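Asker: Before we start, here is the structure in question, set down as structure tokens.
The values are calculated or read from the model by the stated rules, or taken from the named source; none is laboratory data. The shown structure was predicted, so the numbers you read here are calculated from the model rather than taken from an experiment. Every residue, glycine as well, gets a Cβ built from its backbone with ideal geometry; the counts of neighbours run over all protein chains shown.
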């Protein structure tokens, strides 16, 4: 906090009022930051600008050139496409479902683990296992588990007298199946981050609350939650951004089907680019998605700051 | 080690020249037919002194690996294999070398290829760009033991009034599907996953009903009586006579159901015929046979054709050596050796070879399948059409669209794509 404040004060000073030492310090700062800034520019800003440039041209893999400028055509075409809009809504629903469910589950498990004294390392190791797996492998494994007649999940259900569930072949179930597998795969990410936040909380407020006779629920609500807000904000934000990008699970498990029940936007953009060969329109769709995610990020960031 | 390093360095700088023994680089898919080629490569090196380096990857990676090399002025692949999906795109983009002059100069006989395969992965608008490598036409796998069962025979005759036998027409087959859905077995298993499994399988239903994708002028002919019937039958087979979940099956899952003896029939790629007799994967060894998908009447087939072709890209660093390899790998002797290992032939002389027929009695059925098969539309936007088909058919199977609605949607998008490609005026 103080560092940032110092920095701001420094910036506010007119150049002439900065001492020579301060100026040299700043120069040196830029110097040592420049290689990483250059790298960031190369691997992040340059592709983003290239994509934006492509999105206003008629650029296809059949004619990969920037000969035809077509303004906002790609954007209007994308937004006018009911299939694209469907994938956007579906993705919004999917993101809300996985982020909220994973957060609720993750927070619960993190709170329980926080009070555990023994074998913490073992719990960590087990929890990290799914996270270390490649999503493609997760998808393949679950496809096998969920095979309606030859898979183990329906077999286990049959032992307790439940009829086989059509996990991936029913339009009503398929999206929830993907949500479930995503939770299995990603919930440990939430747990680990939230747990790190919880174990860094100061002990004093809790002791004071106990002296005052506050119940566990009250101290959770009035101490843990407010203190954890910054961690929660960051965790939700990161998970949200990753959830929007979900592609591998859908590609491996359903290919967007049955019907259009699991057609998430990232997979749709991929198909526009590499099946439809229309890089221009796919770039426009990506730009729209980028704008939505940035808007969400800014909003969430501001909202969380307003709470603290 | 040093040699490998030098080779890599030479390739990286695009200088792979006559300084060392010449190398032909080919990107191939990890399938049985590639393995058969691999075992024969030492013969080629012995004959010509040219080394062959096969880079084997899985299907999903191929297109992404190929395109940058094809666009480059000088790529790293001497020769490539082309799925019929990509033929339109690759030729339209001008990435392949015409082979006609080489064929003429060397008197290479292309008339021995099954004509439908030359149309699919050989000639495009009169120019030969590829030599057909192997075919993966689709056929009907069925349980011959269930057909031969005496009780089934009497029950079937009593119910339908005609004999239970290898189906001669599509309608006969559909009745068998209904009949065999009993005693914990399903009459059929389908591969209903989007996009290519369902699109490819449904194509057989379309052809079996006498339908086609388009007329001679590329006008879509899907929303017709045959098309609607094909969608209805497909949805019924998935939802009523198939195992639960087949709307999301890819071919491996569907194959497993068939191989575990849980289904009477499965329409699929011909290379699964060998797999069903592999005791490590199958519980019905010796009980399954393959035949052409039956059509509207006896003798007419409804099978969908599919194949890969050999080609030399314009960006090939050593086209002459690549042609030497193509000529060799497609020569009668080598083509036969590949077929004897289990490869799927494209040449009629190999199909008719006595040794091949003695080893694989179903070779005759495979040839029949090819001869009566139908081709999928080949144009620049074939993959996009498959995508549209997958979406709409899957919606129809899920009951979210009526068959005619789904077909109308496919026709609209197909017309748009054909116009964009200049096929439809």
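Asker: Considering each of A:100, A:105 in turn, give the residue that is assigned to a helix (DSSP H, G or I), away from chain B (no Cβ under 14 Å) and surrounded by 14 or more Cβ atoms within 10 Å (Cβ to Cβ).
Answerer: A:105
Asker: Can you go through A:57, A:86 and tell me which one is touching a residue at least 12 places away in the same chain (Cβ under 8 Å) and touching a strand residue (DSSP E or B) at 6+ places or on another chain (Cβ under 7 Å)?
Answerer: Sole residue among the options that is touching a residue at least 12 places away in the same chain (Cβ under 8 Å) and touching a strand residue (DSSP E or B) at 6+ places or on another chain (Cβ under 7 Å): A:57.
Asker: Another question, if that's okay. So, residue B:332, is that one touching a helix residue (DSSP H, G or I) at 6+ places or on another chain (Cβ under 9 Å), outside the structural domain of residue B:226 (by TED's automatic domain parsing), buried (at least 21 other Cβ atoms within 10 Å of the Cβ) and within 30 Å of residue B:107 (Cα to Cα) or not?
Answerer: When the stated conditions are applied, residue B:332 does not pass them.
Asker: All but one of (1) surrounded by fewer than 17 Cβ atoms within 10 Å (Cβ to Cβ); (2) modelled with pLDDT of 90 or more hold for residue A:234, so report the exception by its number.
Answerer: (2)
Asker: A further question follows. In segment B:203-226, what residues are surrounded by 21 or more Cβ atoms within 10 Å (Cβ to Cβ) and either within 13 Å of another protein chain (Cβ to nearest Cβ) or under 19 Å from residue B:418 (Cα atoms) (or both)?
Answerer: Listed by number, the residues that qualify are B:203, B:211, B:213, B:220, B:222.
Asker: Could you grab me the full set of residues in segment A:269-287 that are within 13 Å of chain B (Cβ to nearest Cβ), closer than 17 Å to residue A:91 by Cβ and crowded, with 24+ Cβ neighbours inside 10 Å?
Answerer: Scanning segment A:269-287 gives A:272, A:282.
Asker: Shifting gears a bit: Can you tell me which residue in segment B:242-258 is nearest to residue A:168 (Cα to Cα), limited to those that are buried (at least 24 other Cβ atoms within 10 Å of the Cβ) and more than 7 Å from chain A (Cβ to nearest Cβ)?
Answerer: By that ranking, first place goes to B:249.
Asker: Which of the residues that make up segment A:166-187 are in contact with a helix residue (DSSP H, G or I) (Cβ under 7 Å, 6 or more places away or on another chain), over 15 Å from residue A:248 (Cα atoms) and more than 10 Å from chain B (Cβ to nearest Cβ)?
Answerer: Hit for segment A:166-187 is A:187, nothing else.
Asker: Looking only at segment B:162-175, count every residue that is within 21 Å of residue B:270 (Cα to Cα) and either in a helix (DSSP H, G or I) or within 14 Å of chain A (Cβ to nearest Cβ) (or both) and tell me the total.
Answerer: Total meeting the criteria: 3.
Asker: Taking the conditions exactly as written (in contact (Cβ under 8 Å) with a residue 24 or more places away in the chain and either buried (at least 21 other Cβ atoms within 10 Å of the Cβ) or facing another protein chain (nearest Cβ under 9 Å) (or both)), does residue B:387 satisfy them or not?
Answerer: Yes: the conditions hold for residue B:387.
Asker: Looking at the structure I just gave you, is residue B:353 over 18 Å from the mean Cα position of the chain (by Cα), crowded, with 19+ Cβ neighbours inside 10 Å, without any contact (Cβ under 8 Å) to a residue 60 or more places away in the chain and assigned by TED's automatic domain parsing to the domain that holds residue B:30?
Answerer: Numbers: over 18 Å from the mean Cα position of the chain (by Cα): yes; crowded, with 19+ Cβ neighbours inside 10 Å: yes; without any contact (Cβ under 8 Å) to a residue 60 or more places away in the chain: yes; assigned by TED's automatic domain parsing to the domain that holds residue B:30: yes.
Yes: the conditions hold for residue B:353.
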